[in-house]
Amino acid sequence: MKLHIIYTVSGMFLSKKRYDSWHEIQHEYPDYKASLGPWSIEETEEFLKQEYPGIDPLPSEQVGDFIKLTDTVRDISFLQSTSK
């Protein structure tokens with residue numbers, strides 16, 4: 001499975017949908033800013049872990065939960081953990 005990370009004005013999303021180019025993504029998301037991928041599950045998790053160290057739930061949880069769903073798109077959560 002290959003994933004895209006999609007950046008828009010309104011948020012950041014994971015997508016399982018197959019795109020042939022970023023132009024297709026831009027057409028689908030009117031507030032499109034940028035996109036990355038297609039990446040493997042491991043590459044996607046590693047990118048999120050490196051670029052967003054405070055991300056909660058952890059990238060492995062967010063990506064892992066997403067790949068189990070039938071949904072093709074999911075927003076990425078950036079809730080900050082309050083526990084230490």
Between helix 41-51 and the chain: long-axis angle, C-alpha atoms, 0 to 90°, nearest 10: 60
Only Lys, Arg, Asp and Glu count, each charged at its Cβ (+1, +1, -1, -1), so figure out the dipole size of the chain about its Cα centre, rounded to 20 debye. 80
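Using a 1.4 Å probe on the protein heavy atoms, what percent of the accessible area of the chain belongs to carbon and sulfur?
Working: 2940 of 5540 Å².
Carbon with sulfur: 53 percent of the solvent-accessible area.
Rounded to the nearest 0.05, what FRET efficiency do Asp20 and Leu79 have when you use their Cβ-Cβ distance and R0 = 25 Å? Display every interim value, and only then the final one.
On the way: r = 33 Å, r/R0 = 1.34.
Approximately 0.15, to the nearest 0.05.
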Place a label point 7 angstrom from the Cα of Met12 along the Cα-to-Cβ direction, then list the residues of region 23-56 whose backbone nitrogen is under 11 Å away. 47-56
At 1.4 Å probe radius, can you tell me the per residue accessible area of the chain in Å²? 66
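The values are calculated or read from the model by the stated rules, or taken from the named source; none is laboratory data. Note that the structure is a prediction, hence the values are computed from the model and not measured. Methodologically, a virtual Cβ is constructed for each residue, glycine included, from the backbone with ideal geometry; neighbour enumeration extends over all protein chains shown. Just the protein is used for accessible areas: all its heavy atoms, side chains included, with ligands, DNA and RNA removed. Shrake-Rupley method; radii C 1.70, N 1.55, O 1.52, S 1.80 Å.
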